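A.B. asks: My questions all concern the structure below.
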Amino acid sequence: MLDIQTNYSLKQLNTFDFDVKAKYYVAPKTEDEILEIINNEELKALPQFILGGGSNVLFTGDFDGLIIHPQIKGIEKIDEDENHVWLLAGAGVVWDVFVAYCVKNNWGGVENLSLIPGNVGAVPVQNVGAYGVDAKMVIDEVYGLYLEDGEPFCLNNAECEFGYRDSVFKNDMKGKAIITEVSFKLNKKPVYVTHYGNVEEELTRNYSKVNIQNIRKAIITIRERKLPDPAKLPNAGSFFKNPVVTLGKAEELKSKYENMPLFPVNKKEAKLAAAWLIEQCGWKGKKVGNVGVHQNQALVLVNYGGAEASELKQLSADIQKSVKEKFGVDIEPEVNFV
Ligand code: EPU
């Protein structure tokens, strides 16, 4: 029996800590419960939003519809061979619980994605990434149901059309599907990725041995040093995506700003560091009313307490405007506005 709540506060369910309400809220624990929602004509008629860990969403006001908050749990080993193990995890599993489980078993592939907030179900949507690894490197298949008719789907890695913080779930399948489970292919003989940023330096400084347990510890230390804990200072991680520009544009900027970080993407494009662009515009550490730009990472916008979503929207727009004016570059939010 579905437990549908009305006028439900989402304060605990979004890491910006906005006290908005959902007209209806349901947290299905099984695929059957999701099917019940899909097959219910009254619920179907409502605007719907699927909420994961709430760590990448900006609620701009009360939600006049149904929030579906999948709570399918469980991690199961479904296959293995000499070199790999395949795990199936429920969309409602907390991502870092999954990472910790893999690391404990010495199955490599997700250790660089330690301490990223959110649930397993959101990981393929965003193609979550950090420290030289992204989810597409480990996702095998994504399972779910179409909201229209409850038909199940299973997409393999290529069919997910993963890109930088992007996938088919943010494009063709946006608003049309609900992810129930994700399978991952992990390495029994882990390959260490330590080249990104100061991972190598952190490892050699504090750990005598490189293994996935120590990589996880080093990444956690780096993240805790730079990124504010949403439980203490509400935020949604990177607020903007790093912009991809033409090589011509990148070179033009580089000739003017020698120290500008630049990451080649392909033969035609390069990625710029949004944090750097924002910092150069003088935003880093700036507080505006109840919101601001974090002092250690200019890509992170924070709610200092009691903020209205409109304040964050305004700050976001002001930052976009100044980056555009100074560098001629558009930066797009990574966070979903609802
Ligand atoms: N930088 C600045 N100022 C800052 C912060 C960074 O100039 O305030 C410069 C750094 O010096 C560096 C460059 O910007 O040259 C990139 O910085 P960093 O390595 O910290 O990563 P990022 O590009 O800002 C991305 C992800 C993060 C992820 C880190 C580490 C996006 C939108 N963000 O940030 O993901 O943790 O790389 O891999 O791609 C998230 O998505 O919520 C998130 C935190």
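The values are calculated or read from the model by the stated rules, or taken from the named source; none is laboratory data. Keep in mind that this is a model prediction, so the values were computed, not measured. Virtual Cβ from ideal backbone geometry, glycine too; neighbours counted across all protein chains shown. Calculation scope for accessible area: heavy atoms of the full protein, side chains included, ligands and nucleic acids excluded. Shrake-Rupley method; radii C 1.70, N 1.55, O 1.52, S 1.80 Å.
A.B. asks: Which order do the peptides 212-219, 115-122 come out in when sorted by mean C-beta neighbours inside 10 angstrom, highest first?
C.D. replies: Working: 212-219: 21.8, 115-122: 24.6.
Descending mean neighbour count gives 115-122, 212-219.
A.B. asks: Then there's this: Let me have the relative contact order for the chain, percent, based on Cα pairs under 8 Å that are six or more residues apart. Numbers along the way, then the final one.
C.D. replies: Working: 696 pairs, mean separation 52.3, N = 338.
With pairs under 8 Å counted, the relative contact order is 15 percent.
A.B. asks: Continuing with this model, one more query. Just subtract the alpha-carbon distance of Asp19 and Tyr257 from 0.36 nm times their residue separation and send over the number in nm, one decimal.
C.D. replies: Numbers: separation 238, 0.36 × 238 = 85.68 nm, distance 4.16 nm.
That pair, Asp19 and Tyr257, stretches by 81.5 nm at full extension.
A.B. asks: Still on this structure, I have one more. In nm, to one decimal, how far is the modelled label at Thr30 from the one at Thr246, with both set 7 Å along Cα→Cβ?
C.D. replies: 5.6
A.B. asks: Calculate the radius of gyration of the Cα atoms of the chain to one decimal place, then report Dmax, the largest Cα-Cα distance, as a whole number, both in Å.
C.D. replies: In order Rg, Dmax, the Cα atoms of the chain give 20.4, 63 Å.
A.B. asks: Moving on to the next point. Please report, for the Cα atoms of region 52-128, the Rg to one decimal and the Dmax as a whole number; what are they, in angstrom?
C.D. replies: Rg, Dmax (Cα atoms, Å): 14.5, 51.
A.B. asks: At a 10 angstrom cut-off on C-beta neighbours, averaged per residue, how do the peptides 292-301, 139-148 rank from highest to lowest? All intermediate terms of the calculation are to be shown ahead of the outcome.
C.D. replies: Values: 292-301: 21.9, 139-148: 19.2.
Final packing ranking: 292-301, 139-148.
A.B. asks: Just by accessible area at a 1.4 angstrom probe, what is the order of Thr180, Thr6 from largest to smallest? Walk me through the numbers before you get to the answer.
C.D. replies: Numbers: Thr180 0, Thr6 90 Å².
From most accessible down to least: Thr6, Thr180.
A.B. asks: Multiply the residue separation of Tyr146 and Glu279 by 0.36 nm, subtract the distance between their alpha-carbon atoms, and state the gained length in nm to one decimal.
C.D. replies: On the way: separation 133, 0.36 × 133 = 47.88 nm, distance 4.18 nm.
Between Tyr146 and Glu279, full extension yields 43.7 nm more.
A.B. asks: Compute the separation of the alpha-carbon centres of region 1-59 and region 190-224 and state it in Å as a whole number.
C.D. replies: 37
A.B. asks: Compute the signed sum of charges (Lys and Arg +1, Asp and Glu -1) over the other residues within less than 13 Å, Cβ to Cβ, of Leu247.
C.D. replies: It works out to a net charge of +2.
A.B. asks: Taking a threshold of 26 Å on the Cα-Cα distance, which of the pairs Lys77/Lys104; Lys241/Lys284; Lys188/Lys241; Lys271/Lys321; Lys254/Lys313 fall above it? All intermediate terms of the calculation are to be shown ahead of the outcome.
C.D. replies: Details: Lys77/Lys104 14 Å; Lys241/Lys284 16 Å; Lys188/Lys241 32 Å; Lys271/Lys321 19 Å; Lys254/Lys313 30 Å.
Over 26 Å Cα-Cα: Lys188/Lys241; Lys254/Lys313.
A.B. asks: Moving on to the next point. What ranking, highest mean first, results for peptides 200-208, 104-112 when packing means the other Cβ atoms within 10 Å averaged over each residue?
C.D. replies: Working: 200-208: 13.4, 104-112: 21.7.
Highest mean packing first, the order is 104-112, 200-208.
A.B. asks: Classify region 1-103 as rounded, prolate or oblate, taking a ≥ b ≥ c as the square roots of the eigenvalues of its Cα gyration tensor: rounded when a/c is under 1.5, otherwise prolate if a/b is larger than b/c and oblate if not. The partial results should precede the final answer.
C.D. replies: Values: a/c = 3.24, a/b = 1.64, b/c = 1.97.
Oblate shape, in that a/c is at least 1.5 and b/c is the bigger or equal ratio.
A.B. asks: While we're looking at this one, here's another question. Diagonalise the Cα gyration tensor of region 221-312 and give the resulting equivalent ellipsoid semi-axes, square root of 5 times each eigenvalue, largest first, whole Å.
C.D. replies: Numbers: eigenvalues 165, 37, 27 Å².
Result for region 221-312: semi-axes of 29, 14, 12 Å.
A.B. asks: Mind listing the Cα extents of region 40-194 along all three principal axes, in Å, largest one first?
C.D. replies: Largest to smallest, the principal-axis extents are 50, 31, 26 Å.
A.B. asks: Compute the projected area of the convex hull of the Cα atoms of region 147-246, averaged over all viewing directions, and report it in nm² to one decimal place.
C.D. replies: Mean projected area of the Cα convex hull: 10.2 nm².
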